[in-house]
1. Run the reach check for LYS237 against lysines, Cα to Cα strictly under 27 Å, same-chain hits fewer than 8 apart removed. What comes back?
2. Kirkwood-based Rg over Rh for the range 216-366 (C-alpha set), two decimals?
3. Given just the C-alpha atoms of the range 59-133, how large is their convex hull per residue in cubic angstrom?
4. For the chain, modelled as a Gaussian network with Cα springs under 10 Å, which listed residue fluctuates most, ARG76, ARG305, ARG200?
5. Would you mind telling me which residue in ALA106, ALA172, ALA45 has the biggest mean-square fluctuation in a Gaussian network model of the chain, where springs connect alpha carbons within a distance under 10 angstrom?
6. What aspartates and glutamates sit close enough to LYS238 to cross-link, taking a C-alpha to C-alpha distance under 16 Å and skipping anything fewer than 8 places away on the same chain?
7. How much net charge surrounds LYS166 when only other residues with a Cβ under 9 Å from its Cβ are counted (Lys, Arg +1; Asp, Glu -1)?
8. Assuming 0.36 nm per residue, please report the length gained on full extension of the stretch LYS120 to LEU70 beyond their Cα-Cα distance.
Amino acid sequence: MLKRFFIICSGADKTIIYSCSDGEQNKYAGIGATVFFTALLAWVAAGYALYTVFDNAYLAVFFGFIWGLLIFNLDRFIVSTIRKRDSFRQELLQASPRIILAIIIAIVISKPLEIKIFEKEIDTVLLKEKNDMALANKKQAANYYATDLNSNKAAIDSLKAEITTKEKEVNALYTTYITEAEGTSGTKKLGKGPVYKEKREKHDAALAELATLKAKNNAKIEAKEAEAIALQTNLDKKISETQPIIDKFDGLMARIKALNKLPLLPSLFIMLLFLAIETSPIIAKLLSPKGEYDFKLEDNEMATRVNLSQNNYQRERMQNTDAEIYDDVYAEIRSDKELYNYKKKKAIELLEMQADSFSEKQKNVM
């Protein structure tokens, strides 16, 4: 049962192969097994690759199965259409397009399995890339809000500087009128005279201005600080909103790029292994000598070709003979006097009817 299944997978003609020896049947069963297991690996590889895309096991299994059937059909077609020739060079030339196609299929099949085999190493590379992307994202977001934050901070610093400057001015006026009262500066007269009162009034006026300025600037500072908190909140929100996108950076393309950053040799060996598996049925047919199946298949094809040639020849001769017979028949009819007189009579009748009809039409017009 299993042998019959693998023979079907090989694409061999069942009528011919079952009339061959067991050795010939085993050869094609082996070729069919290679085709089947290559398609099975293609199913697994495509299923994993599609799972990284859809993140859904059912969809991955279904579409992976479709891909496996496609690879199975291609491999079966490639193997079944290769014919053994008398020259190896002709066979190789015949198989070269199929070998190229097999190489392409092997590369497509091997890549998803390479991703699965080196999953841990790829995850490490992706983690580093995600961290770099997260840092870059924070930097970009900070640069986006940097102008507004710096402008806000500069405005707050300017408002605080105004208060500080005014406080220094008030402190200076306070020192001036105190030292005037003590007689250590100004008029250097001890006591609270007119100059002291004048300086005290300046100080009190500046102190009142300071109080007004503080109230005004503190209100502005509170508004600017609230604005700064809002800007910082927007910055944190932007970073938190974009972080899930970075966390999901582990799709098929990202994994392929991460795989390319790993050492080439292990990946190359896996691809060569699949290349050997994919091309093994073709190589086996190229290297194996003509077997019983090949001779019988060639005999059937030759018999069909000869039969077709004979049929075409017979049809051509039949057509030529038929044409010659009809030529002779019409030649004899042409010389028949009775038929000539009959046709002449009918022609005269037709001309008379045409003349009568024309005459009637002319009378109606007149």
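1. Result set, ordered by chain and number: LYS128, LYS130, LYS138, LYS139, LYS153, LYS220, LYS224, LYS248.
2. 1.65
3. Values: hull volume 9.7 nm³, N = 75.
Value for the range 59-133: 129 Å³ per residue.
4. Per the Cα network of the chain with a 10 Å cutoff, ARG200 tops the list.
5. ALA172
6. Within the straight-line limit of under 16 Å, LYS238 reaches these aspartates and glutamates: ASP148, ASP247.
7. Once all neighbours under 9 Å are counted, the net charge is -2.
8. Values: separation 50, 0.36 × 50 = 18.00 nm, distance 3.01 nm.
Additional length available on full extension: 15.0 nm.
A short reminder: the numbers here are calculations on the coordinates, not readings from a lab. Fair warning: this is a prediction, and the values are worked out from it, not measured in the lab. Reconstructed Cβ throughout: ideal geometry from the backbone, glycine too, with neighbour counts over all protein chains shown.
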